[in-house]
Each structure stands twice: as structure tokens, then as C-alpha cells.
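Throughout, read-outs are computed from the coordinates displayed, never taken from laboratory work. None of the values given here were measured: they were computed from a predicted structure. Cβ atoms come from the backbone with ideal geometry, glycine included; neighbour counts cover every protein chain shown.
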Amino acid sequence: MVFRAFGAKDAEARGRRLAAIARDRGLILLVGADAGLAAKIAAHGVHLPERLAYRARRLKAAHPRWTVTAAAHSARAARRALAAGADAVVVSTVLASRSASAGAPMGPIRLAILVRRVGGPLYGLGGIDNKKARLLKDAGLVGLAAVDAFRT
């Protein structure tokens, strides 16, 4: 679960509530691009936007127990994020999504090519539910864990 606070005044309070929910449900909580907030709320780590992926190794050195992921929109960006020390990369947009920030979907064939080119841990984001995740897995996208936006 990625908490993207975007500088909200109540970010710490909301983050603490999310951290409690994550602990209760056995979920991993990452904070979007804000290591200070992640530390304050005892999150499991940080999710970096593509442009900040280069910070992964430094964050891992400062917080060895954290999980640090990075966003990527191409194979090149995914490889760069992994080389910079990210534990995993979140690629988007995989399938058509109603999210306001979703780009044009890459579809399962382009996703399969990206997974094979990158060779590291990738998570697909956008338009993926449990049924579609099973279809992607059955299509041979081994090592791909499918996630979609958490909605309350």
C-alpha cells in the first residue's frame, strides 16, 4: 500500500492510521517520496517517483530495514531504478484504468516484453484486479506481482 500524502496538513495523522491498518492486516505500507513522514509513522519504507529513483541506495543505507520501490514507465527507467538500489519497480499503466493519473495502457504483451527485458522484481499498476492478475500470471508473466490502487 502506498500512501501519497502530497504535503497534506494531516498527513502524519492519516499516515499513523494507515500504518495501524497495515499492521493489523499484515500489509506493507510505503510512503510516497517522503522519507521523513515514513520514519515518523513507522512505515515499511518509501515509494519513489521515477525522477527520484536515484535516491534508493541512499535511503536503503539510512534505513536498512526499509523496502524502497520506484515508479517506472519504460524498461530503461526500470533498469535504472533497480541499478540505483530499488528493491522493486512499479510499472504503469498496465491495463485501462479509471484513475485520473493513468496513462495509456501498455497491455499484457508490452508488459511481458518489459518484464523479460528488465529481469528484476516488477509490480504492474493500473486496471489490475484479482481476476486479471490471475490471467496475467497464467499468461506466463512469472515474477510479476499485480497490484492496483487501494481504495476505501
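Rounded to the nearest Hz, the phi-derived 3J(HN,Hα) couplings of region 19-26 under the Karplus curve 6.51 cos²θ - 1.76 cosθ + 1.60 (θ = phi - 60°) are 4, 5, 4, 4, 4, 4, 9, x, where x marks glycine and proline.
Between the listed residues Ala81, Ala102, Val31, the Cα displaced farthest toward the positive end of the dipole of region 2-147, a dipole computed from Cβ unit charges relative to the Cα centre, is found at Ala81.
For region 119-124, backbone phi angles converted through the Karplus equation (6.51, -1.76, 1.60; θ = phi - 60°) give residue-by-residue couplings of x, x, x, 10, 10, x Hz, Gly and Pro being listed as x. Each label was represented as a point 7 Å from its Cα along the Cα-to-Cβ direction; for Ala39 and Arg76 these points are 3.4 nm apart. Entry note, region 2-147: relative contact order of 15 percent, from Cα contacts under 8 Å with a spacing of 6+ residues.
When the helix-only estimate is applied to the chain (DSSP H runs of n ≥ 4, each -39,500 (n - 2.57), divided by the residue count), what is the mean residue ellipticity at 222 nm, nearest 500 deg cm²/dmol? Before the final figure, lay out each step's value.
Working: 6 runs with 58 residues, N = 152.
When only DSSP H runs of four or more count, the value is -11000 deg cm²/dmol.
Close amide H contacts of Thr93 (hydrogens built in the peptide plane, cut-off under 5 Å, sequence separation of 5 or more or a different chain): Gly103, Met106.
Can you tell me the length gained on complete extension of the stretch Lys9 to Arg25, counting 0.36 nm per residue apart and subtracting the Cα distance? Intermediate results must be reported in sequence, preceding the final value.
Numbers: separation 16, 0.36 × 16 = 5.76 nm, distance 2.59 nm.
In short, 3.2 nm is gained.
So if I take the centroid of the Cα atoms in region 1-63 and the same for region 97-113, what is the distance between those two points in Å? Rounded to whole Å, the Cα centres lie 24 Å apart.
For labels at Ala96 and Ala61 in the simple 7 Å Cα→Cβ model, what's the distance in nm? My value for the distance between the label points is 4.7 nm. The per residue volume of the convex hull around the alpha-carbon atoms of region 2-147 is 114 Å³.
Debye calculation, C-alpha points only, no solvent: report log10 I(q)/I(0) for region 49-135 at q = 0.16 Å⁻¹, in the same order as the q values. Reported log10 I(q)/I(0), two decimals: -0.62.
By the rule of a C-alpha distance below 25 Å, with chain neighbours fewer than 8 residues away ignored, the lysines paired with Lys60 are Lys40.
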